[in-house]
1. Which order do A:Trp312, A:Trp875 take when ranked by solvent-accessible area (1.4 Å probe, heavy atoms of all protein chains), largest first?
2. Could you compute the net charge surrounding A:Ile438? Neighbours are other residues with a C-beta less than 10 Å from the C-beta of A:Ile438; K and R count +1, D and E count -1.
3. Keeping all protein chains in position, work out how much accessible area A:His676 exposes to a 1.4 Å probe, and write it in Å² to the nearest 10.
4. Could you give the radius of gyration (one decimal) and Dmax (whole number) of the Cα atoms in the stretch A:300-472, in Å?
5. Counting Lys and Arg as +1 and Asp and Glu as -1, each charge on the Cβ, what is the dipole of the stretch A:165-232 about the Cα centre in debye, to the nearest 20?
6. Picking from A:Leu470, A:Val99, A:Gln628, whose Cα lies most toward the positive end of the charge dipole for chain A (charges on Cβ: Lys, Arg +1; Asp, Glu -1)?
7. At 1.4 Å probe size, put A:Thr701, A:Thr163 in order of accessible surface, largest to smallest.
8. Report in % the part of the accessible area of the stretch A:815-865 that belongs to carbon and sulfur, leaving out ligands and nucleic acids; probe 1.4 Å.
Amino acid sequence: MEKIVLIDGHSILNRAYYGVPDLTNSDGLHTNAVYGFLNIMFKILDEEKPDYFAVAFDLKAPTFRHKMYEQYKGTRKPMQEELRQQVPVIKEMLEAMQVPLMMLEGYEADDLLGTVAKKAEADGLEAVVVSGDRDLLQLATDHIMIRIPKTKKGGTEIEDYHTADVIEKYQVTPIQIIELKALMGDSSDNIPGIPGVGEKTATKLVAEYGCIENAYAHVDEIKPNKARESLRDHYDMAQMSKELATINIHSPFELDMEKARMTDLYTKEAFELCKKLEFKNMLSRFEVSQEEHNHTAESFHMTSDLTQAQEWLEKLKKEQQIGFYLLSDEKQEFCGLAVSGKEETFFFCNQGFLTEQYLTSALEELIETAEQAVTLQLKRQLRFLQLSESAKKKILDGAISAYLLNPLKGEYPYEDLAKDYMKELIPGAAELLGKIKISDLNAEDERLSLLACYQSHTALHSMSVMLERLQGEEMERLFEEMEMPLVYTLAGMEKEGIRADAGILKEYAQKLGEKMQELEQEIYAEAGDTFNINSPKQLGNILFEKLQLPGSKKTKSGYSTAADILENLAPDYPIVQKVLDYRQVAKLKSTYADGLAAFIGEDGRIHGTFHQTVTATGRISSTDPNLQNIPIRTEMGRLFRKVFLPKEGCIFVDADYSQIELRVLAALSGDEALIHAFQNNIDIHTLTASQVFHTPLDQVTPLQRRNAKAVNFGIVYGISAFGLSQDLKISRKEASEYINNYFASYPKIKEFLDQAVVTAKEQGYIATYYHRRRPVPELTSSNFMQRSFGERIAMNSPIQGTAADIIKLAMIRVDQRLHSENLKARLVLQVHDELLVEAPVEEEARVREILHEEMMGVTDFPVEMDIDIQSGSDWYEAH
DNA sequence: ATAATCACG
DNA sequence: ACGTACGTGATTATG
C-alpha cells in the first residue's frame, strides 16, 4: 500500500525551536528551529519511507477560526523574533528539496492536513500526519497515523496514534477529541473551553454523553454542580470552542500528488543552503556533493616514500609560516606527521624509512627554519619533540587562542576553528573516523592523513584571524607571554608526574572497605531493611518515608539527601550520622583509594593531565586523575596525602598563596582599609569580624571570626544575602545586615563589585587584570535567576581569574628558574593557589628562595602577595 | 547521557 | 515573588 507523510510545518518548527538550544551560523542567523525541523523530518522519512510527502503551513493572514477567537480574546501572542525569522528559511529549504508546501488563503494548516489525509485514506493510501499539536488526534483512523514528536534531551521520541491508541490514552474516540478539546480548552491552540472544566471532567462528560450537544440535552443530570452551572452559563462558548477545535476536512485544497511524489531531497540547492546554514553534520547526507564538500582536501598530499618526503620537506623549508600536527593514537603512539605551507599540506606516514625519529627531527628542523609554526593541542605533541628555547618561542597553539577568544566553549576541535575563523566547513574527527579507533588503522590509511592534514591546515589558516582578534581585544600578550609558555611548564609537570605509594593505598582501601561494611550493617539494622545506601532515591525513601524523618526537601526526582540536609538531622538520628559517615568512607575508597591506585604507572608515578582550555575563569583543571581535589578538610581524607611521596633523595617543597583572592580584590578595588590590613599583616577575617559585628579587634570571638570568613568568601563569590544566610544558617535579614556592614566598612569594594556588573552588562564580558575575558551572556537573560547568576559571575570572575593569571605567571617563572639554574628540582603539581615542587634535599633552600621570589614577584600591586612555604617527606607533611 | 553527591580551591 | 553562593572532576545510580 502506498503511503503519504504530511507535516504540520509551523507546529514542528515551533517544537524544534523550543527543543533545540540556540544555534546561529557565522552570519548571526538563528538556525535552531530549522535544524530541529530537519532532524525530525529526516527521522520520520527514514522510518516511514513514504511514496508521497508534503508540508502544510498557515498563511500569515488571520484565518476565519482565529478571527473568531481574536474577537473573543483581543490579541494573539506574537511569535518570537528568533523563531519568526526562521519560517522563510525552512520554506526555502523545503522548496530547494522540491517538497510541496500546502497553503491556502483562509485555511489553517490543520484543515489542509485533515483534507489531504482523509482524501488519501479514501483513495486507499496510508497517511502519516506529523504535528506537535494534539488537536490533530481527531484525524486518527486505522489508516491515518498521527505522530507527535517530543524533543527530549538526548534525542527525539515520537508518540504514535492510530484509533486504538487515542482511545487507550484519552478514553475517547478520535472524533470525540473535538468534544474534549472544546470542553477543556487548549491554551496553546487558543481554544477557550468551558471555565472550570478540566481534563478529568471533560473526559467524563464525553465518555458519558458522547458529544456536547447531547451533554446539553441532559444538562440537568450532570453531576459536579460546578461543571453543570458553568456549562449552562457558557453554552455559546462551548459552541464556539467546538467550532474552533474542529478541523475542516472539506477545505477546497487539492494536493498535486505528482509533485508530492518522493524524489531525491538532496539537491544541489538544498546542499548549498545547508552549507550556508552551517549544518555540517547534515552535509553527510548529500552523497553526490561529498567531493565538493572536501574541496580543501584537494590540497592535501601523503607519502611513505623517503625521496618524496625529502623533496616535500625541502619545499616546506621555504615557508615563513608553517602549520603542523603530530598525530598519535589513543595509546599516545606516534602515527604520522602533517605539515602545512601556504598552499599545500603534506602528510608523512609512520612507515618504512619515515620513522618517528626521522619525522620528529625533520619537524624540529622545519620549526627552526620557519619564522612561525602553528598547531593545535601542542602539549599532547610535546612528548615527541625536543625543542630549543628559540623554537618554543615560535610556536602558537590555535586551540589556546580560540579558548582565550571564547573560554565558554569547553572544546576547540579543528572543525569549529575552521568554521568560526576561516568560514570553511570541513568534516570533524567523528565524521572522518566514526567509531573506528586510530590504533586500528593502517599507517598509510587515508583517513589518518586527512585527520592530521585538517588539523595542520586549520591551525595555520585560522591563526592570522585569531591573532588579529586577540590584538583587538588586547590579549596578545596574555596569549604569547602567559598561555603559550605555560604549555611547556604543564607538559613538564605531566611528564614528571608525582610518585604515589601503591602499598599505602591498598592498605587504606582495605581499612575503608572494612569500615564500610561495618557502617552498612549498622545502617541496615537501624533502618530495619537492606537497601542501596549509595542510591539517593532509595536512601530518601528509607529516611523520609519509612522512618518518617522531618525536614525533607525536594529535588527533581524525590527527596534531597545532600549532606547539609542530613547534617541537620544527624544529632537527633544516629542512622543519619552513620549514613554521612558511610558516604564519606565510600567516597574516599572509590575515588581516592581505588581510584588513584589505577593511575600509578610502571614508574611508580601518577601522570595526570592538566587542562588549559577548560575553565571559564582561566584556571587550570586536572583529570585522569584529578590531582586538584585530593582530600584535606577531614583527617581521614587528609591521610591520603601521605601517599604522595618525593622520589629517593628528594623532598617536597610546597608553597601556597595566602588569601590570594582577597588580596587581588584589595588591589583591584583600591580599598584603603583592606589594603592597609594586608600591608600590616592584620588577620583579615578577624578584621572583617570586627567591622561587621562592631566589635574591637581584640575582642572578636572565634564564632564571629568564622562568620566573617564566610562573609569574605561570599564577597569573592558575588555576594547574595540568600547564599550567605544558607551557608551560615541564619536569616536572610541577618545576612544582609552583615553584608551592609561589610560594604560600609569597605566602600570601594562595593563600588568595585557594582562596577563589575555594570561593565559586564555594557561590554558583554568582564576581564581580569591581565585582560583575560569572560563573556557573561547570562546578564541579558529575562530570567531573574539567570540574570542574578550573571551578576555573580561578573563579580567573581575578575577576582578568581586574576588570581589564576598570577599563579600561572608564577609557574612559568619558577619553572624557568629551576631550569636556568640547572637545578634538578621540578614543579609537579598546581592546586589553584599552591605549587608543589619535588626537590633534591640539597636544593631545598634554593628552591624555597626561588618559590618565594618568583611567586611574590609576579605582581607589583599596592598589596603584596604573601606565601606560606613548607617542606616535608610527603605531601601531608609539606602542606 | 544525566542527576546527585562530594572531593578540592 | 523569584530561589543561589564562584570554579572544577570522579563516582554511582538510573533512565
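1. Numbers: A:Trp312 25, A:Trp875 0 Å².
Per-residue accessible area, sorted high to low, gives A:Trp312, A:Trp875.
2. Numbers: positive: A:Lys331, A:Lys437, A:Arg447; negative: A:Asp329, A:Glu330, A:Glu333, A:Asp440, A:Asp445.
Overall, the nearby charge balance is -2.
3. Its accessible surface works out to 100 Å², give or take rounding.
4. Here Rg and the maximum Cα pair distance are 15.1, 47 Å.
5. Working: 8 positive and 11 negative charges, 51 e Å.
Once rounded to the nearest 20, the dipole reads 240 debye.
6. My answer, from the dipole projection, is A:Gln628.
7. Working: A:Thr701 60, A:Thr163 35 Å².
Largest to smallest exposure gives the sequence A:Thr701, A:Thr163.
8. Numbers: 1020 of 2230 Å².
Carbon plus sulfur share of accessible area: 46 percent.
The values are calculated or read from the model by the stated rules, or taken from the named source; none is laboratory data. Just so it is clear, the structure is predicted and the values come from calculations on it, not from any experiment. Methodologically, a virtual Cβ is constructed for each residue, glycine included, from the backbone with ideal geometry; neighbour enumeration extends over all protein chains shown. Protein only, heavy atoms only, side chains kept; ligands, DNA and RNA dropped before computing areas. Shrake-Rupley method; radii C 1.70, N 1.55, O 1.52, S 1.80 Å.
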